[in-house]
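The values are calculated or read from the model by the stated rules, or taken from the named source; none is laboratory data. Since the structure is predicted, the reported quantities are computational estimates derived from the model, not experimental observations. Cβ coordinates were reconstructed from backbone atoms using ideal geometry, including for glycine residues, and neighbour counts include every protein chain displayed. Surface accessibility is based on the protein's heavy atoms, side chains included, excluding ligands, DNA and RNA. Shrake-Rupley method; radii C 1.70, N 1.55, O 1.52, S 1.80 Å.
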Amino acid sequence: MKIGIGIPNQIRDVKADIIPEWARRAEDAGFSTLGSVGRIAYPGVMDTVALAAAAGATSRIGLISNVLLGPVWPAHLLAKEAQGIDGVSGGRLTLGIGLGGRADDFVVEGLGARGTGKRLDRDIETYKSVWRGETPAGCDNPLVPKGSREVPLLFGGMVRASYNRVARSGRGYIGASVPADMIAGSFDSVRAAWKEAGREGSPYLVAIAYYAIKDAEGGRANVYDYYSTAGAETAGFIASAVSGGADVVKKTVDEFEAIGADELILNPTSDDIDEIRRLADVVL
């Protein structure tokens, strides 16, 4: 199982200029991938900006949005944005997409929080048409440079429609920020949907988990704050799942490996850049 690390782009009031250096150190440490966290209505750095900054600061490490809220974006704009990040990184981006469940993230007029599943299915076709170089109605030119590749897609969500979306249109699946035993069933469902769809090979299964090596309580407080608009019960549960300390992080890695994750992205709970080294000492 590969081990990646998150970018602290959605820590409240993150010091934005830390992101390029965070990316460089993560690559030097030997992590497989840098992952962004996506939300609009929060005082962090937009995931597309964080990934672009990471792309410019690195040359080898993979880039994953885990997850970007697809339906909050106009589809043609997101397709071009993703292709640009993939292009400047030399083809290192994997676009992880989720629906979004908080109404305040839907800030674009006409793109509300209702009907997001059907809208995402339409948007996926738009993304792929843009990446194929097709010219949208009303435009004189394609939106992306000739020779652009189709950016690999991963999908999140814990319902049947999500698993079918992976089998129909994706490279794989991203689990939610919950313990491994709660993700195991989703992994099995994705594998089953993939097989039923007649896809060759296997879906790429990515897990994500929050960690804090030095300050577990501070990390849990930051995670609670981030999820607080989802209600105290949800925020408290996700915060309680933060892997605090070296021994718990090791246990978390073992648990996700046991359920067949291909890659685990460990998301930081602070913008303390020394957490990169601390984590690398534990898991690499």
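Within the stretch 272-284, residues that are under 23 Å from residue 16 (Cβ atoms) have Cβ atoms under 6 Å from residues that are of a type in the set (S, T, N, Q) and surrounded by 15 or more Cβ atoms within 10 Å (Cβ to Cβ) in no pair, counting only partners at least 6 apart in sequence or on another chain. Restricted to the stretch 191-284, the set of helices (runs of 4 or more DSSP H) holding at least 3 residues that are closer than 16 Å to residue 175 by Cβ and either charged (D, E, K, R) or over 19 Å from the mean Cα position of the chain (by Cα) (or both) comprises 246-258. Out of contact with any Pro (no Cβ under 9 Å at 6 or more places or on another chain) and open to solvent by less than 50 Å² (accessible area, probe 1.4 Å), is that true of residue 35? Spelling it out, residue 35 is indeed out of contact with any Pro (no Cβ under 9 Å at 6 or more places or on another chain) and open to solvent by less than 50 Å² (accessible area, probe 1.4 Å). Taking residues in the stretch 122-148 that are on the phi > 0 side of the Ramachandran plot, and partners anywhere that are open to solvent by 80 Å² or more (accessible area, probe 1.4 Å) and of a type in the set (D, E, K, R), the pairs with Cβ atoms closer than 7 Å and at least 6 places apart or on different chains are 133/146. Residues that are over 19 Å from the mean Cα position of the chain (by Cα), buried (at least 20 other Cβ atoms within 10 Å of the Cβ) and within 16 Å of residue 196 (Cβ to Cβ) within the stretch 131-165 are absent altogether. Please determine whether any residue of the stretch 3-25 is open to solvent by less than 20 Å² (accessible area, probe 1.4 Å), modelled with pLDDT under 95 and touching a Gly at 6+ places or on another chain (Cβ under 8 Å). Checked the stretch 3-25: no residue is open to solvent by less than 20 Å² (accessible area, probe 1.4 Å), modelled with pLDDT under 95 and touching a Gly at 6+ places or on another chain (Cβ under 8 Å). The listed residues are 220, 168, 191, and the only one of them that is touching a residue at least 40 places away in the same chain (Cβ under 8 Å) and open to solvent by 50 Å² or more (accessible area, probe 1.4 Å) turns out to be 220.
Restricting attention to the stretch 14-39, the residues that are among the β-branched types (Val, Ile, Thr) and within 17 Å of residue 64 (Cα to Cα) total 3.
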